[in-house]
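Have a look at the structure below, then the notes.
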């Protein structure tokens, strides 16, 4: 059975009152859950786990101006596309491409 926890005296900031919050298997549950471990929050708010939403904007932008192999479904097609891009690259320069998806091969 999933772990059951009751967080006692959790602050509900919308109502400015203390409430008990029941959690079963990491999800908020309805009403009392038998055998739940009790944790007293002493008036602190209960918050979801930390989520770090962010984007790597520079690499995403660079991918828009790089040659792409997106949509290629064979090694031959990838190499053909890279050869075409290589013609536009300075001699001895780097060729950096985007869009490779090994699941498409």
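Overview of results
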{"quantity": "So residue 31, is it part of a loop (DSSP other than H, G, I, E, B), touching a strand residue (DSSP E or B) at 6+ places or on another chain (Cβ under 7 Å) and exposed (fewer than 12 other Cβ atoms within 10 Å of the Cβ)", "calculated": "yes"}
{"quantity": "Among residues of segment 46-105, those that are at positive phi and under 26 Å from the mean Cα position of the chain (by Cα), counted", "calculated": "2"}
{"quantity": "Some residue of segment 17-27 being surrounded by 12 or more Cβ atoms within 10 Å (Cβ to Cβ) and assigned to a loop (DSSP other than H, G, I, E, B)", "calculated": "no"}
{"quantity": "Hits in segment 38-56 - residues which are outside any loop (DSSP other than H, G, I, E, B) and either surrounded by 11 or more Cβ atoms within 10 Å (Cβ to Cβ) or at pLDDT 95 or above (or both)", "calculated": "38, 39, 40"}
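The values are calculated or read from the model by the stated rules, or taken from the named source; none is laboratory data. Note that the structure is a prediction, hence the values are computed from the model and not measured. All Cβ positions, even for glycine, are placed from backbone atoms using ideal geometry, and neighbour counts span all protein chains on display.
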